[in-house]
1. If you check R254 against the conditions, is it more than 20 Å from N160 (Cβ to Cβ) and modelled with pLDDT of 90 or more?
2. Out of everything in region 395-410 that is part of a loop (DSSP other than H, G, I, E, B) and either modelled with pLDDT of 75 or more or within 14 Å of P128 (Cα to Cα) (or both), what residue ends up being most open to solvent (accessible area, probe 1.4 Å)?
3. Within region 519-533, which residues are within 27 Å of the chain's Cα centre (by Cα) and open to solvent by less than 10 Å² (accessible area, probe 1.4 Å)?
4. (1) farther than 30 Å from T358 by Cα; (2) at pLDDT 90 or above: which one isn't true of Y531, the others all being true?
5. Report whether or not S524 is modelled with pLDDT of 90 or more, of a type outside the set (F, W, Y) and within 24 Å of D594 (Cβ to Cβ).
6. In region 534-554, which residue that is assigned to a loop (DSSP other than H, G, I, E, B) and either modelled with pLDDT under 90 or among the aromatic types (F, W, Y) (or both) is surrounded by the most Cβ atoms within 10 Å (Cβ to Cβ)?
7. Kindly provide the set of residues from region 557-582 that are in contact with a helix residue (DSSP H, G or I) (Cβ under 9 Å, 6 or more places away or on another chain) and either assigned to a helix (DSSP H, G or I) or at pLDDT 75 or above (or both), ordered by number.
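The values are calculated or read from the model by the stated rules, or taken from the named source; none is laboratory data. Computed from a prediction, not measured in an experiment: that's the story for all the values here. Every residue, glycine among them, receives a Cβ derived from its backbone with ideal geometry; neighbour counts consider all protein chains shown. These area figures cover heavy atoms from the full protein model, side chains too; ligands, DNA and RNA do not enter into them. Shrake-Rupley method; radii C 1.70, N 1.55, O 1.52, S 1.80 Å.
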Amino acid sequence: MTSQFRTSLVIALLAALFGLVPAQSPDKAQASSDQTQANAARIGSLRGRVTNSDGQPMANVTVNISPIGRAAGRRPGMPGGAVQTITDDEGNFQVDGLLPASYAVSSAAPGYVTLPPEDENSAGIYHPGDSVLLTLVKGGVITGKVMNSAGEPLTGVSVNAIRVGNVDGEADATPAAAGFGRNWRTNDLGLWRIYGLVPGSYIVQAGGRSGGPNQFSEFSEDAPTFYPSSVRDAAVILTVRAGEEVSGIDIRYRGEKGRTVSGRVVARTESGFANFGGIQISLRSAASGAQIATTMQMDRGNSRGFALYGIPDGDYEIVARRSGFNPLESDEVSAPRRVSVRGADVSGLELTLAPLATVSGKVIIEKKPGAPAAACQPQRASFIEEVLLTAQRDEAAREALSPDVPRPAAPAANGEFLLRNLEAGRWRINALLPGESWYVRAISLSKAPASAPVRKTAAATQPSAASVINVARDGFSLRAGEKLKGLTVTLAEGAASLKGKVVTDGAKPAGRIGVYLVPAEKESADDLLRYALAGTRSDGSFQFSHFAPGRYYLLAGTMPEAGSSGSALSLSALDNTRRATLRREAEARGIAIDLSPCQRVTDYQFRTAGAFEIRK
C-alpha cells in the first residue's frame, strides 16, 4: 500500500465518520455547490400509513423503503441505500430527503404479512411525492407433528414450508421459501408450527436441507420427507389463506439416507476470481425445474469445492452462479449440467463460470423542433431516474440457465443505463414510466454492421453507417458474455390513458377476460408499442396508461398469458401472424376510441357480446 493511498484512505474514513469534506479547488467546489443545489431542488418525501385488515392503524411497525434499479440518495451528495423508519401511534410514517428514483415500500411485524396493493399502483412501486397505504394481515399458519415409522415423535427435525403458487395453485413471483432466517424445528413432542406465511399453496418438507434456515441437524443428510410421507413429486399441496391455521399436518418420517453431490467451481481464467463473491450452487429437478437443494460457497484461496447433502435419487440439473460486487459487471453463471443420482454419491462435477451479458444505452425525452410541449399538467414532476427498464426474453427462448429474473435498471440523471445479467438469446425491452404524461415512442439499437472484406477503392474508404434495429418490433440478440451498446429508449410527452369496465352482454367466457388495445391507423400496424392487453379485475374494470395519442380498437378476449389483474401487458412479442389475426378481428368488431394528447378517460363502458381468443 503506497503512502498516497494510505493518506486517501484515512481521509475517506474520517469523512465518513465525522462528516469531513476534503478541500477542493474553487472550480470543483463551485461545481459541487451547483450540483448540491440542483439535487436539493429535486428532493422529495414519501409518506404513508400502515393499517391492519380492519383498517385500524398499526403503531411501531417497521417500514422499509428501498431504491429499485440503482442506489438513491437521502440527502444531496450523500449516497444511500434502503431507508428504515417506524410508524407513529396513528400508523403514519414519513421519510424525507429522497432523491428521484423508484422505491419499493414494505412493512413488517411478527406474524403479519403485507398484501399487494389493490389500487392503481399495482406494481408496488412508488416515487417521492406519492402517498402509500400498506395493509398488514395475519399470516397463515401450518402446524403438525413429525413421527418415525413406529409412530414415535422425533425431536430436532427441521421443517420448512415451500411456497409453490398462489391460493388457486397458479405459479406467481412470490419467493418460494417461507420463513427464511427462522429455525423451524420439532420440539420434544415432535410438534412444529410455522407462522407468518404469505397466502398461497405450500408443500411441507421435514429433514434434509432446503437452503433455508435449517442448514444443519442430525437429519440434514437424510433425503427429505414431504407431507404426508413421500418424495417431493408426490407431496400433498396445502392451501393457506391469510390468518388461517392449517393443523394436523402430521408427517411420517421416512428416514432414508440421502446422497451427496459434490464437485468444484472453475473460472475460465484465474482473474475471474478477483473480487470473488459468494457462489450459489443450485440443484433443480430436471422434470419440473423445482429447486431441490442449494448451498453457498465462499472463496477460500484455492479451495472452491462444494457439496450438496441429503439428495434423493432422481434426475437433476446443477448450476453455479457467482454474484460480484461491481455494479458495472454482470454475474457469472455455469451452463446447466445434468446429474443423475441412482443409489450412490455423485462426485467430481466441474462447473465452469462464464460472464452473463450486459446492454447499455440511454433514455431520451423527445423534443420535436417547433412543437409546443404537451400541456398534461401532471400532479407531480417526473424525473428520468424514476424510469425502470426491464429485459424480457422472447417466448421461444424462455428456458434459462438459472431461475433468477434480471433485475430492473434505472437510468442516471443523464439518461444512461446498464442492464446486467442477461443470458444469450433474443430479448425485448419494457419500460415502466413514472407520472402519467410520458409514453414510449421508440426503442432502437444502433449497431455497426458486421465487417466484411472490401476492395480498397475510393468508395470503400467511406465508413459504413451503423444499422438501426427496431427493438420494439424485432427485439435484439445477445451472445454469451456480450457487452452490447447503443440501445436508445425514446420517450415522448402527451400520453393518454383509458380506464373502464367490461360489460358482457352474452354468456361469460371460460377464464379471465382481457381487453386488447389495437392501433386503428393502418400506418401503425407494425408499431408494437401501440398494442397492449389488460386483464380485468373481479369487477370487470381495466386500465391502460402511458399510451401514444391516436385511434384505437378495443377487443375483449381471453387472457393468453399471466398478468396482474387490471394492469396492461406489453404485446411486443406478438408475431406477424397473431398480430394480423388480432387486427382483423378488432376491425371486424369495429369498437374504436380516439385518444387525444393528455386525455384521461376514466369511466369507459366497454360492451361486448363475447370474447375473442388469440392463441399462442
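1. Values: more than 20 Å from N160 (Cβ to Cβ): no; modelled with pLDDT of 90 or more: yes.
It is false that R254 is more than 20 Å from N160 (Cβ to Cβ) and modelled with pLDDT of 90 or more.
2. Of everything passing the filter in region 395-410, R407 is most open to solvent (accessible area, probe 1.4 Å).
3. Within region 519-533, L528, Y531, A532, L533 qualify.
4. Condition not satisfied by Y531: (1).
5. yes
6. Looking at the filtered set, the residue picked out is T536.
7. Listed by number, the residues that qualify are G557, R579.
One line per residue, one yes/no per condition, for (1) at pLDDT below 90; (2) of a type in the set (D, E); (3) in a strand (DSSP E or B):
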site	(1), (2), (3)
L189	no, no, no
W192	no, no, yes
Y195	no, no, yes
R209	yes, no, no
Q215	yes, no, no
